[in-house]
Structures are given as C-alpha cells and as structure tokens.
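Nothing in this text is a laboratory measurement; each read-out follows from the coordinates by a stated rule. Everything numeric here is computed off the predicted structure, so don't read it as measured data. Here the Cβ positions follow ideal geometry from the backbone for every residue, glycine too, while neighbour counts run over all protein chains shown.
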Amino acid sequence: MFVQEEKIFAGKVLKVHICTMEGTEWLEEVTEDTTIEKLKEKCLKHYVHGSLEDPKTLTHHKLIHAATERILTESKTVAEENLKDKDCLLLIKKRPPPAPPKMADISSEEKKKQENKAPDKEAILKATANLSTRNTDRTVTQHNIRDFQTELRKILVSLIEVAQKLLALNPDAVELFKKANAMLDEDEEDRVDETALQQLTEMGFPESRAVKALRLNHMSVTQAMEWLFEHVDDPMVDTPLPGQDTPGAAAAAAAAPAPAPSATASGARARLSSQASLEEARQDELTEIFKRIRRKREFRPDSRAVIALMEMGFDEKEVIDALRVNNNQQDAACEWLLGDRKPTPEDLDKGIDTNSPLFQAILENPVVQLGLTNPKTLLAFEDMLENPLNSTQWMNDPETGPVMLQISRIFQTLNRT
C-alpha cells in the first residue's frame, strides 16, 4: 500500500471550530505544523466555496482565538500559537481604511471652521469701537475681592497678638500654658515613628538622641541620620528640645523653701516688692512659654529641597525663604524663585489692619471672644500659620472649629458687601 510522504511526517491532527460574523460554523482539520496563514486560506476556501479569485481576500481577513480574544500571527504554526483540539476560532474581515477626503469636502470643512471661529482681539475692538463705555469699574471690583486663604494668615497673626494679651491677664495662664506645652510634648511623643526609631537605635545611636533627630527632621530616617553624623561632636547634642524640661529641675523648684514672712512695715514693703517681682517673673515665664510654643511651630525647611534648589544656583537664604512661602513644596518654591517672588517672606508675618471693619467685626463676635481666652485656640492659630494644611483639622475640632467658622462667615459676609 502506498502512503503519501507528508502524511507519514505530519504532526498531530486537530479539529478546530471555525465561526464567521454571519453565523456560519464548521470544523476544520489541521496539523500542528500548519501555519496560521495556511489555515486561514483553507477557511476562506470553505467560506467562499471554491478558489480565491481575488488575492486581496486573503489579506483582508484575520483569525482570532475566541477564548483569549487575541489575533493569531500568520507566520506562526498552530503549535506555536498553542491551539488545542476543539478550540474556537473567529474568521473576521478586517475594517477597510477610511477613504481620503475629497478636495471639495476639505474646502467646505475649512470654511465651516472659519465661520465658527471665535473673533480675535482686533476684531472685537473694531466691532465695538463706536460703542459707549460702561461699567468701567467692574474689573477693579473683581480684583478687590480678597481670597480667604490669603487673608486668613494676616487675620491669624493679629488674633495671636490679641489672644496672648488676653491670656496674660488670666492668673492661671502660666499653669494653662504649661499644660498646653505638655500636650504638645505628648503629641510629639505620639508622632515618633517606631520603625524609624528602631532603625537608628540599631545603628548604635542612643534612643533619646535618635528621637530628637527624628523630630527635627520630620521623621525622615535619612535626614535624621545625616543630622546625627553632623552633630556627633556637638556637646549640646543631647540637650532636650525647647519646652522639654527635665523633671529634676521641676522637682528642685518645687522643693525650694518658701521665704519667712515679716511682721514689720519694712517686711510689708518687702512683700509688695516680692509680689511685684513674682508678677514680673510670672510674665517672664509666660513669655518664655510663648517662645517655646513658637519654636515648636517654627518653619524647618526640607533639607533635600534645599540642596536641590541650591544646586540650581540659588542662594541658601533665598531657597529657605521660597520653601517657607510655599510650605516646603519644591516645585512651587522653584517657580517663586524664578517669578516675581510674591508674597514675600515679610508679608507672611504682617497682620491685618486692626482698625479695619473686618478685624473689628471678628473681635466683636462673642464666639471669637470666648475662643481667644482658650489656650488651645492660640496653639491652633500658631499651628495654622506654619502648617496651613492643618486648617481642616482645627476646623473639625470641637473647641477651635466654632471660632474658625465664625471668622470664615464674617469674612465672606463683609467680602460680598
């Protein structure tokens, strides 16, 4: 019996399911070594019932694997495309490319675009040259509408001064601010990143020194490590941050003996003098607490942003000013340095005119008046000055939120009028 040579060396025979867009279906037998192009040709011959008279018919169709929705590559074989027995293939005609537009269509389309085109400045000025001028102050009015975020900083600066004066009159002000200062210390303790602290202590740095470095560098391990290396020989490296008094000093102060009273007139004068001295000491202590709180909120530039901007050729002081104005945002700081540099760093410390109707209306509000006697309100104002992004947090606070809401409402009301 004679057997064809290609039959002897042929690969495994598969039966694949072929479908067309018109709904025609049939089974096609194909060996694993058959190319996809040959399989497509067999499918098209079956589909058109005979020979392919138009050679473009072959190039205008493609086979798609239905399960994976991928187009089969014509140069690959059935085995290379990983086709299995009883797989379903779609025979689809390719979309013809869009016909190029005719010249008449192009000219009409351009004409239509020109008709719908908005007039330029010259055309507007020419068309309105003979019209009378009206509402010339409209532009000025629009520019006079102040932005709340811009004005809020000025309002806060002035309110902080008022709050400090009011709180200084409270006989319990020192104790209140000591508690507030302790609350800030507790907040900072809570914010220490344990993972970052562990990384530094595993390098051999003392825990107290590592905590100080992390707080000074916004919990950045890399920047904290650089700070520790830079201050390794600094004798003040282990000095606590401002406001973190050692308990020993407080205990020594508490254990100090009280002066004995005197019954003489000179003793009375001495007591009056002593009371004046105590009052002065109290004011000094309160001032020192204010300074400590301010130092805790003072601006610390991002060291990486400083290095990056200085490498562009800017002076270090300019870079720090730019980062302070733009809340440590490097890109915004770069734009500020390259632009008109407005607002200036000095503008950030300027308060609002205390005689202005806006500020007077704020001070006359009962909610604001009550809030200014709360040390937490002063701390909130200080925080928002150096960290504007924290404004939302203080707006949602049950103690400071009502104050901020009243300030916003008063501003919006006067701004509209």
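Summary table below
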read-out	value
Translational diffusion of segment 13-93, µm² s⁻¹ [Kirkwood Rh, Cα pairs; Stokes-Einstein; 25 °C; 0.890 mPa s]	196
Of LYS42/LYS94; LYS317/LYS342; LYS42/LYS76; LYS62/LYS84; LYS212/LYS376; LYS154/LYS212, those spanning more than 27 Å from alpha-carbon to alpha-carbon	LYS154/LYS212
ASP33 paired with ASN82, simple spin-label distance in nm, labels 7 Å along Cα-to-beta-carbon	2.3
For segment 365-417 versus segment 309-360, the gap between their alpha-carbon centres in whole angstrom	23
FRET E, pair MET219, GLN360, Förster distance 60 Å, beta-carbon r, rounded to 0.05	0.90
Interatomic Cα distance distribution for segment 294-408, bins of 10 angstrom, percent	13, 35, 29, 18, 5, 0
Efficiency of FRET from Cβ geometry, LYS111 and THR24, R₀ 51 Å, rounded to 0.05	0.60
Additional length obtainable on full extension of the chain from LYS317 to THR68, 0.36 nm per residue less Cα span	83.5 nm
Extended-chain gain in nm, criterion 0.36 nm per residue less alpha-carbon gap, GLU230 and ALA118	34.1 nm
Rounded FRET efficiency, nearest 0.05, which uses the C-beta distance separating THR373 from SER132 and R0 of 60 Å	0.55
